[in-house]
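Step one of this worksheet: look at the structure below.
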Amino acid sequence: MIVGMRTGASQAEIDAVVQKVKTFGWNAQVSTGTDKTVVAILGSNTGQVSTDIFAVLPGVENVTRIMKPYKLASREVKPKDTVVSINGVEVGGKRVVIMAGPCAVESEEQLTEAARVVKDAGAVILRGGAFKPRTSPFSFQGLQGEGVELLIKVKKQFDLPVVTEVVDVEDLELVSRAADILQVGSRNMQNFSLLTAIGKKHGDNSWLPRPVVLKRGFACTVTEWLTAADYLLAEGNNQVILCERGIRTFEDSTRFMVDIGAIPVIEKVSHLPVIVDPSHAAGHYSLVPAIARAAIAAGADGLLIEVHPNPKEALVDGLQSLTPSDFARLMVELRKIARAIGRDI
Ligand code: PEP
Ligand code: MN
């Protein structure tokens with residue numbers, strides 16, 4: 001941490017900062033410039049103390065952290081890539097993993113048909129929400145318990161692992177019965193009690209931590225996203241997959257703006273795999289293929305794509321859902337791009 005003193009700060013004010021540093025058992029290095037003095041705080045656990053402790057002292061102009069707030073998600077702590085394994089499907093390895101299916105589980109026929117078409121086209125994980133976090137309380141909230149039962153049935157039938165969202169700690173045990181991967185939605189990225197519950201091992205072993213897809217909050221920075229991942233990692237769940245799904249900017253021609261740059265940033269600063277959801281970013285089926293292709297080209301470890309057997313009849317997100325034939329066509333293109341950068345699908 002670096003404490004910058006105001007121009008003209010008195011020696012007594014500087015000494016008071018140094019004294020405060022010492023109360024934590026840390027060392028202070030004072031650099032006196034022509035106009036300003038800065039105090040560098042040297043200690044291994046400065047991250048545990050709020051910058052406010054120093055910012056409130058008289059004569060202090062600003063306090064800057066040098067260390068990133070996230071630790072366990074960083075490459076400094078774990079230089080080697082994390083590969084998340086789901087029943088033999090590896091996310092974060094050479095193979096690009098395609099997860100696809102409807103936004104929401106709507107009926108047995110819809111889910112069965114969706115599973116069939118996505119598997120035929122080469123997807124290896126089935127998506128589908130039984131619990132839906134909806135902006136309006138009057139919108140369809142998902143089939144909930146009945147949706148969980150349908151996911152269990154269909155995943156057995158097609159031998160496809162399932163990624164499905166958990167919205168509330170209360171539903172964790174129920175959703176875990178169907179989920180091979182638990183999805184934490186964008187709106188819940190900073191729901192710290194949910195993250196902690198998902199990270200924890202439970203004593204009676206009735207359900208254990210599952211791999212997690214942690215979607216980026218649409219108003220959150222990469223640093224906040226990785227710090228949220230630390231909640232899962234700190235509890236002992238290291239099977240974390242990050243998912244970029246678009247952030248909110250001033251641009252409104254797409255539903256959200258996919259942050260392609262976040263993919264190489266994550267690759268640089270974190271060992272965790274990162275996938276992209278082009279569907280929620282695009283908001284329109286016609287824009288999904290280009291964003292999906294760009295994501296693979298930029299180095300994403302996988303995609304989470306909405307595919308509906310009949311998007312015109314979809315109860316949720318029909319406009320951004322691909323038809324089975326559009327999805328099959330996209331998969332052909334994605335294979336070519338993956339191959340061009342030395343990966344497979
Ligand atoms: C979803 O994937 O079904 C979803 C609701 O996405 P997000 O949390 O990214 O809006
Ligand atoms: Mn959706």
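Table for the structure above
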| item | result |
| --- | --- |
| Given (1) crowded, with 16+ Cβ neighbours inside 10 Å; (2) within 16 Å of ligand 1 (Cβ to nearest atom); (3) in a loop (DSSP other than H, G, I, E, B); (4) not aliphatic (A, V, I, L, M), index of the condition residue 70 fails | (2) |
| Residue check, residue 312 surrounded by fewer than 21 Cβ atoms within 10 Å (Cβ to Cβ), at pLDDT 95 or above, within 30 Å of residue 71 (Cβ to Cβ) and out of contact with any Asp or Glu (no Cβ under 9 Å at 6 or more places or on another chain) | no |
| Close pairs (8 angstrom Cβ cut-off, 6 or more residues apart or separate chains): more than 12 Å from residue 101 (Cβ to Cβ) in region 307-325, within 15 Å of ligand 2 (Cβ to nearest atom) and of a type in the set (Val, Ile, Thr) anywhere | 320/288; 323/307 |
| Tally, over region 288-298, of residues that are touching a residue at least 40 places away in the same chain (Cβ under 8 Å) and open to solvent by 20 Å² or more (accessible area, probe 1.4 Å) | 3 |
| Matching residues, region 9-35, being open to solvent by 70 Å² or more (accessible area, probe 1.4 Å), closer than 14 Å to residue 61 by Cβ and modelled with pLDDT of 95 or more | none |
| Residue 240 vs. criteria within 16 Å of ligand 2 (Cβ to nearest atom) and surrounded by 23 or more Cβ atoms within 10 Å (Cβ to Cβ) | no |
| Helices (runs of 4 or more DSSP H) lying entirely in region 256-345 (those with 3 or more residues that are away from ligand 2 (no atom under 16 Å from the Cβ)) | 262-269, 288-297, 324-340 |
| Of residues in region 137-168 being within 14 Å of ligand 2 (Cβ to nearest atom) and among the polar types (S, T, N, Q), the one farthest from residue 212 (Cα to Cα) | 139 |
| Pairs with Cβ under 6 Å, 6+ apart, first in region 178-199 and among the β-branched types (Val, Ile, Thr), second crowded, with 22+ Cβ neighbours inside 10 Å and assigned to a helix (DSSP H, G or I) | 196/231 |
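Listed here are the residues, each with its yes/no results for (1) out of contact with any His (no Cβ under 6 Å at 6 or more places or on another chain); (2) under 19 Å from residue 93 (Cβ atoms); (3) away from ligand 1 (no atom under 12 Å from the Cβ).
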site	(1), (2), (3)
271	yes, yes, yes
281	yes, no, no
284	yes, no, yes
304	yes, yes, no
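The values are calculated or read from the model by the stated rules, or taken from the named source; none is laboratory data. What you see is a predicted model, and the numbers here were worked out from it, not measured in a lab. Heads up, the Cβs are rebuilt from the backbone with ideal geometry, glycines too, and the neighbour counts pull from every protein chain shown. The area values use the complete protein model at the heavy-atom level, side chains included, leaving out ligands, DNA and RNA. Shrake-Rupley method; radii C 1.70, N 1.55, O 1.52, S 1.80 Å.
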